Amino acid sequence: MISGIITKVAGPLVIAEGMRDANMFDVVRVSSHRLIGEIIEMHGDKASIQVYEETSGLGPGEIVESTGVPLSVELGPGLIGSIYDGIQRPLNEIMKAAGNNLTRGVEVPSLDHNKKWHFVPCVKPGEKVTAGDVIGTVNETTAVVHKIMLPNKISGIIKNIKEGDFTIDDTVAVIENNGKSKNVTMSVKWPVRIGRPYKRKLSPDILLTTGQRTIDTLFPIAKGGVAAVPGPFGSGKTVVQHQLAKWAAADIIVYIGCGERGNEMTDVLNEFPELKDPRTGSSLMERTVLIANTSDMPVAAREASIYTGITIAEYFRDMGYTVALMADSTSRWAEALREMSGRLEEMPGEEGYPAYLGSRLAQFYERAGRVIVNGSKDTEGALSVIGAVSPPGGDISEPVSQATLRIVKVFWGLDANLAYKRHFPAINWLTSYSLYTDQLTEWFRKNASEDFMELRNRLMALLQDEAELQEIVNLVGMDALSANDRLKLETARSIREDYLHQNAFDSIDTYTSLKKQVLMMRAILMCYDNSSDALKNGADIELLMKMPVRERIGRFKYEEENNISSEFEAIKAILNKEIEDVIERSED
């Protein structure tokens with residue numbers, strides 16, 4: 001075992017001599033406390049070590065031992081429903097070992113090595129298999145069938161495989177290749193900084209439905225896409241991520257609390273087990289993996305938590321699942337990079353962040369995607385990444401936001417002013433964008449409605465017109481506007497309040513199907529078109545704006561899914577009648 005001596009301790013950075021034979025990114029154990037660290041720089045026999053635990057009390061002369069392996073996660077049955085710290089130590093096992101006061105150097109296994117799982121083979125002896133092939137399954141929870149895949153670089157003929165109850169260390173299959181036998185267990189270790197391999201990447205042209213109208217209609221994200229949610233404190237980043245975790249069309253959720261406040265992470269830990277999964281009716285935790293690395297935990301472990309989370313997400317993607325990863329927030333990770341860069345005395349970039357900030361963020365986000373996974377069959381899996389960004393004071397001109405925007409394809413810009421007005425989700429429709437819209441046009445045409453993009457574009461145009469008209473109103477007042485412009489303002493208000501505003505706590509409004517979104521858009525635009533035609537026929541704008549049907553259109557979002565078609569037809573009939581009444585009264 002390679003060992004060295006500490007020569008310097010500077011916060012989470014420890015420098016040790018005598019480490020010439022160690023490798024970059026090897027995991028080390030520091031001092032008699034056996035703190036976990038990772039080598040991040042080598043100069044001759046001097047190793048710079050990033051320590052993932054509190055280093056107070058350490059001093060020169062103490063021993064550092066290299067394990068000779070990179071920082072890795074253990075992948076296998078038992079991941080789902082677990083709550084880990086940044087380096088994949090289960091928090092409930094740490095509590096059993098150390099009590100409520102977290103002590104340093106606690107060593108607990110990432111997965112339960114004593115629990116037995118019922119393994120059901122998918123292949124028979126004599127079959128040829130290759131790396132990535134599913135050789136058996138384990139019912140991990142009521143919501144997730146855990147597929148046991150052949151580890152990387154292993155292929156051959158199945159010599160022996162049997163059904164039964166096994167621990168993750170037991171041999172479940174024997175593979176023979178060129179006369180050599182290889183035992184296969186249900187768990188595998190994977191280095192977190194290396195993306196798991198796949199055959200090829202696919203075009204992001206399938207919508208990741210979320211049931212959130214602002215997102216699905218105006219700023220959609222594709223399956224395997226990447227999105228950023230920047231916003232100031234209190235603008236609803238965490239609520240947006242909670243809604244996506246609950247309602248997005250994903251089989252598995254990986255939620256990383258990276259450097260967030262302890263009380264926010266506590267909310268997640270309390271809420272997720274109680275949230276009812278709309279897909280299965282059981283707890284949302286039955287298809288979720290949580291990684292909790294709060295702001296009072298060691299800064300350096302934030303970087304590890306991001307890589308740990310995305311490696312676990314890639315593992316489930318390789319099973320052919322659609323995975324959604326929520327990182328809350330990447331700004332705290334960037335702060336950890338800045339801290340370590342300063343300790344290493346590197347030349348700082350903008351605002352003290354390291355010059356390689358952009359490339360590190362890109363390495364993380366590029367691990368997302370919709371792919372054909374390894375194996376003899378062409379199985380499709382997808383990993384979508386939604387990263388929250390917490391710019392100080394909501395100023396997105398700062399380096400982390402700008403570096404993120406250069407990488408991601410969807411920008412959901414949260415607005416403090418909208419949040420103060422209690423307009424949630426507080427996504428600003430004038431500054432946000434999605435670069436997937438063109439690629440998803442054909443998907444919307446086939447799966448939602450022929451005219452979906454036309455309806456969506458008309459909504460956006462009215463909202464942009466409203467912003468221009470509002471400036472005139474602020475200068476000279478409402479009376480300066482023509483009847484047509486007043487109608488535009490009223491329609492834009494209806495779009496904002498009746499369509500974009502969505503109540504996450506209402507059992508019906510919290511999720512809207514694409515069919516309902518189409519009918520809601522049609523109802524609003526039908527009212528606008530009919531009113532516009534009525535104005536040409538001499539109708540009074542005041543009477544048009546007071547039509548009772550407008551309130552019914554506003555209540556449409558609270559309509560049950562099975563009633564939406566009949567309600568739309570009712571609105572259509574009432575609207576036509578009320579328009580005729582207005583024209584008659586205007587003529588009188």
Residue that is among the aliphatic types (A, V, I, L, M) and either within 29 Å of the chain's Cα centre (by Cα) or over 17 Å from N183 (Cβ atoms) (or both), where the choices are V129, V145: V145
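Tally time: how many residues in the range 85-102 are more than 31 Å from the chain's Cα centre (by Cα) and either of a type outside the set (A, V, I, L, M) or closer than 18 Å to M319 by Cα (or both)?
Adding up the residues that qualify gives 1.
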Answer residue from the range 316-326, given it is within 19 Å of W190 (Cβ to Cβ) and of a type outside the set (K, R) and is surrounded by the most Cβ atoms within 10 Å (Cβ to Cβ) among those: L325
Residue match in the range 282-289 (condition: within 11 Å of the chain's Cα centre (by Cα) and surrounded by 22 or more Cβ atoms within 10 Å (Cβ to Cβ)): no
Filter pass, A483 being of a type in the set (G, A, S), under 27 Å from S531 (Cα atoms) and open to solvent by 20 Å² or more (accessible area, probe 1.4 Å): yes
Filtered residues of the range 330-357 (kept if closer than 15 Å to I306 by Cβ, touching a helix residue (DSSP H, G or I) at 6+ places or on another chain (Cβ under 7 Å), touching a residue at least 24 places away in the same chain (Cβ under 8 Å) and not aromatic (F, W, Y)): T330, S331, R332, A334, A336, L337, L357
Selection within the range 427-460 - touching a residue at least 60 places away in the same chain (Cβ under 8 Å), more than 20 Å from S513 (Cα to Cα) and either of a type in the set (V, I, T) or assigned to a loop (DSSP other than H, G, I, E, B) (or both): W429, S432
Count - residues of the range 239-276 that are in contact with a strand residue (DSSP E or B) (Cβ under 6 Å, 6 or more places away or on another chain), open to solvent by 20 Å² or more (accessible area, probe 1.4 Å) and either assigned to a helix (DSSP H, G or I) or modelled with pLDDT under 90 (or both): 1
Near pairs, Cβ below 6 angstrom, 6+ apart or cross-chain, from the range 471-484 (of a type in the set (A, V, I, L, M, F, W, C)) to any residue that is surrounded by 10 or more Cβ atoms within 10 Å (Cβ to Cβ) and in a helix (DSSP H, G or I): A483/L535; A483/I541
Qualifying positions in the range 500-525 - assigned to a helix (DSSP H, G or I) and open to solvent by less than 30 Å² (accessible area, probe 1.4 Å): L500, L514, K516, Q517, V518, L519, M520, M521, A523, I524, L525
Filtered residues of the range 332-362 (kept if under 17 Å from I386 (Cβ atoms) and surrounded by fewer than 22 Cβ atoms within 10 Å (Cβ to Cβ)): A362
Residue satisfying condition, being in contact with a strand residue (DSSP E or B) (Cβ under 7 Å, 6 or more places away or on another chain) and not charged (D, E, K, R), within set G68, G11: G68
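The values are calculated or read from the model by the stated rules, or taken from the named source; none is laboratory data. For clarity, every value in this text was computed on a predicted model and none was experimentally measured. Don't worry about glycine lacking a Cβ; one is built from the backbone with ideal geometry, like all the others, and counts go over all protein chains shown. Heads up: the accessible areas ignore ligands, DNA and RNA and are worked out on the full protein's heavy atoms, side chains in. Shrake-Rupley method; radii C 1.70, N 1.55, O 1.52, S 1.80 Å.
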